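Read the structure below first, then the notes.
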Amino acid sequence: MTGELHTLVVYTADGCPHSAALVADLARRRVRFLEVNLSREPGRLAELARWGATGRLPVVVDHERVSVGFRGASSTLAELGLG
């Protein structure tokens, strides 16, 4: 999706069932988003701190609004080997 404006940025990680469920739900609903997979791009973990994220995934950033988890569930970075 190069060159397109993404209003949603979704931080995920491999092995996180909540991240996978969120991405599948957004794709099913045809919502445009940019996925940042922290398992593949661990250098971007610092971005979560800038957004005030709590060390859990998935994280959705919609402009200035940040939400953590999907359907009331989330995984810790430590559980995913990232923290």
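No lab work stands behind these numbers, since they all come straight from the coordinates. Everything numeric in this text was worked out from a predicted model, so none of it was measured. Positions of Cβ are backbone-derived with ideal geometry, glycine not excepted, and every protein chain shown enters the neighbour counts.
Here are the numbers for the structure shown:
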{"quantity": "Added length on full extension, which subtracts the Cα-Cα distance from 0.36 nm per residue, Arg65 to Ala78", "calculated": "2.3 nm"}
{"quantity": "With at most 12 other Cβ atoms within 10 Å, longest stretch of the chain clear of loop trypsin sites (Lys or Arg not before Pro) (DSSP)", "calculated": "41-70"}
{"quantity": "Mean separation of Cα contacts under 8 Å, 6 or more apart, over the residue count of the chain: relative contact order %", "calculated": "36 percent"}
{"quantity": "Point-charge dipole on Cβ atoms (K/R +1, D/E -1) for the chain, about Cα centre, debye to 20", "calculated": "220 debye"}
{"quantity": "Selection of GluC sites (Glu not before Pro), segment 27-73, meeting DSSP coil and at most 11 other Cβ within 10 Å", "calculated": "Glu64"}
{"quantity": "(i) 0.93; (ii) 1.02; (iii) 0.99, with the label sought being that of the calculated Rg/Rh (Cα atoms, Kirkwood Rh)", "calculated": "(i)"}
